[in-house]
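To start, the structure under review is shown below, and the notes come after it.
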Amino acid sequence: IKHPLQNTWTLWYYEPDRNKSWEESQREITSFDTAEDFWSLYNHIKTASELRQGSDYSMFKQGIRPMWEDDQNKYGGRWLINLEKKQRVTDLDNFWLEILLCMIGEAFNEYSDDVCGAVVNVRTKGDKLGVWTSNADSADSVMEIGRKLKERLRITSKTTMGYQVHKDTMVKAGSQTKNTYTL
Ligand SMILES: CN(C)c1nc(=O)c2c([nH]1)N([C@@H]1O[C@H](COP(=O)(O)OP(=O)(O)O)[C@@H](O)[C@H]1O)CN2C
């Protein structure tokens, strides 16, 4: 039999389309709830570094849409990892896979329930990885999730990680958003 996961996860794909709104451009691909089905999906699709620039993958718990406005996201924020351009070849795909495995493997111990999902933004100006949590005010939860991420991704001080509250990002989208926590 297949190995069941604690949660069901949904993969979304975003590609910019001038004829559609941002929300309409978010496409739900498929959901899975076993380790085997995760791997067959992962091995079937392009890696993040193979996507067109401007595209995103998002993987969220089933029922949570990959957007600030979702009830599960609106009081939360994200741990954001900004990559250097050259890290697309060396780190992007490894970091993204490691984040996916942390999530489906519930690696954040008692704080795994606060994890909503993760987003990878493939951008000319530098790729970004975000892990979204549901409550920006739970400092211990946010910090423990950040610490575990840093550990599992083996992120050194070279790569910065900051936690941004979605409410702040929404109003400052495009310019620099302040980090409420940093690691
Ligand atoms: C419901 N709704 C409209 C809505 N809900 C959302 O949740 C949401 C958006 N809109 N986003 C839009 O994408 C632009 C680029 O952000 P980016 O994170 O791709 O980053 P770049 O500026 O492309 O690097 C954002 O400026 C925002 O317009 C982003 N976003 C998460």
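Taken together, the values in this text are just the output of simple stated rules run on the coordinates, not laboratory data. In this text the structure is predicted, and so the values were computed from the model without any measurement. Ideal geometry is used to build each Cβ from the backbone, glycine not excepted, and the neighbour counts take in all protein chains shown.
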Out of all the residues in segment 136-145, is one or more assigned to a loop (DSSP other than H, G, I, E, B), more than 21 Å from TRP9 (Cα to Cα), of a type outside the set (Phe, Trp, Tyr) and within 12 Å of the ligand (Cβ to nearest atom)? no
Can you pull out the residues in segment 41-66 that are of a type in the set (A, V, I, L, M), within 18 Å of PHE95 (Cβ to Cβ) and either in contact with a strand residue (DSSP E or B) (Cβ under 6 Å, 6 or more places away or on another chain) or buried (at least 16 other Cβ atoms within 10 Å of the Cβ) (or both)? ALA48, LEU51, MET59
Somewhere in segment 23-37, is a residue farther than 20 Å from VAL131 by Cα, within 15 Å of the ligand (Cβ to nearest atom) and not small (Gly, Ala, Ser)? yes
Per-region count, segment 35-81, residues over 30 Å from SER138 (Cα atoms), charged (D, E, K, R) and not in a loop (DSSP other than H, G, I, E, B): 3
Residues satisfying the stated conditions in segment 28-82, i.e. under 17 Å from LEU11 (Cα atoms) and among the β-branched types (Val, Ile, Thr): ILE29, THR30, THR34, ILE45, THR47, ILE64
So LYS125 ticks every box in (1) within 11 Å of the ligand (Cβ to nearest atom); (2) on the phi > 0 side of the Ramachandran plot but one. Which box is left unticked? (2)
Residue set LYS86, LYS172; condition free of Cβ contacts under 8 Å to residues at least 12 places away in the same chain and within 27 Å of ILE45 (Cα to Cα); output residue LYS86
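Residue-by-condition table, conditions (1) over 23 Å from THR182 (Cβ atoms); (2) part of a helix (DSSP H, G or I); (3) within 16 Å of the ligand (Cβ to nearest atom); (4) touching a Cys at 6+ places or on another chain (Cβ under 9 Å):
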{"position": "ARG88", "(1), (2), (3), (4)": "yes, yes, yes, no"}
{"position": "GLU98", "(1), (2), (3), (4)": "no, yes, no, no"}
{"position": "GLU106", "(1), (2), (3), (4)": "yes, no, no, no"}
{"position": "TYR111", "(1), (2), (3), (4)": "no, yes, no, no"}
{"position": "CYS116", "(1), (2), (3), (4)": "no, no, yes, no"}
{"position": "VAL120", "(1), (2), (3), (4)": "no, no, yes, no"}
